[in-house]
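Participant: Next up is a structure, given as structure tokens.
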């Protein structure tokens, strides 16, 4: 039997006409002791805008489509001047988004290009928690990167995360199994996403991005899964292929990795963690 554990954010094709975004396959967490390296992936959460991404003036990603999570790559930790242009636009012009993103050594990080709460494109760097979890447990992280007000996350009708605002996140270690929940506007019963189920496997870190725009009625979800957080030596890892969510982003990211000696990754790390908060 699967356990029914509080806390989830999942897509509902019917409710609110929402669509599930691209799901990145299970990705192995990096080994400890990575010295000056960091594992970095990118999530594109700006709806309706295919982009080219530059770092320190070098093109890293071309024709990068919304809802895509790239394959993680091992890069030198540091600071990158990230510029995001509408696909095909000259890098000499004004970028749609620009920011310095800083990634610390040894971190597993995801850079999200997304809308602010009031609908302005922005970049946020999140550090992914890859610490061990107990046997029979999984980690769930919900990231609010949509042009939408604060939300509460409910499980079986019970509020478990309160007042999550863009561009913050909440995290909890939960039992493995299927979790059923929905997302509502903070302090109300107005459903924004769900209800739906999410299957959480032992030793994984499951990251869910709520992205898009409430006003434009294109809210969507994308997920990223990291494996290798099992606490017991006999636990079975749930994968590790790290395949990109889109067919061309892996090759493009190899170019980023190759340019790591010239380019370094930049920005302010935003990470609000609430372990097992209950309302």
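What follows draws every value from the coordinates through simple rules; no lab data is involved. Because the structure is a prediction, the values reported are computed rather than measured. Reconstructed Cβ throughout: ideal geometry from the backbone, glycine too, with neighbour counts over all protein chains shown.
Participant: Explain nothing, just the number: relative contact order of segment 112-241, from Cα pairs under 8 Å at least 6 residues apart, as a whole percent.
Facilitator: Details: 320 pairs, mean separation 35.3, N = 130.
So the answer I get is 27 percent.
Participant: If you don't mind, there's one more thing I want to ask. Give me the extension gain from residue 231 to residue 63: residue separation times 0.36 nm, minus the current Cα-Cα distance, reported in nm with one decimal.
Facilitator: 56.5 nm
Participant: Between residue 89 and residue 135, what length in nm is gained on full extension when 0.36 nm per residue of separation is reduced by their alpha carbon distance?
Facilitator: In short, 11.6 nm is gained.
Participant: Using the basic label-point model (7 angstrom from Cα toward the beta carbon), what is the residue 79 to residue 158 distance in nanometres?
Facilitator: Result: 4.6 nm between the two label points.
Participant: Something else now. Going by C-beta contacts inside 10 Å, put 161, 85 in order with the fewest on the left.
Facilitator: On the way: 161 28, 85 21.
Final ranking by Cβ density, sparse to dense: 85, 161.
Participant: Once the Cα atoms of segment 35-94 are picked out, what are the Rg and Dmax in Å?
Facilitator: Over segment 35-94's Cα set, Rg and Dmax evaluate to 12.3, 38 Å.
Participant: On to the next question. Given the convex hull of the Cα atoms of segment 51-189, what is a quarter of its surface area in nm²? Provide the component values of the computation, followed by the final result.
Facilitator: Working: hull surface 39.9 nm².
Mean orientational projected area (segment 51-189, Cα hull): 10.0 nm².
Participant: Going by how many other Cβ atoms sit within 10 Å of their own, how do 185, 115 line up, fewest first?
Facilitator: Values: 185 15, 115 24.
Ascending number of Cβ neighbours within 10 Å: 185, 115.
Participant: How much length would be gained if the chain were fully extended between residue 185 and residue 120, taking 0.36 nm per residue of separation minus their Cα-Cα distance, in nm to one decimal?
Facilitator: On the way: separation 65, 0.36 × 65 = 23.40 nm, distance 2.01 nm.
Here the segment from residue 185 to residue 120 would lengthen by 21.4 nm.
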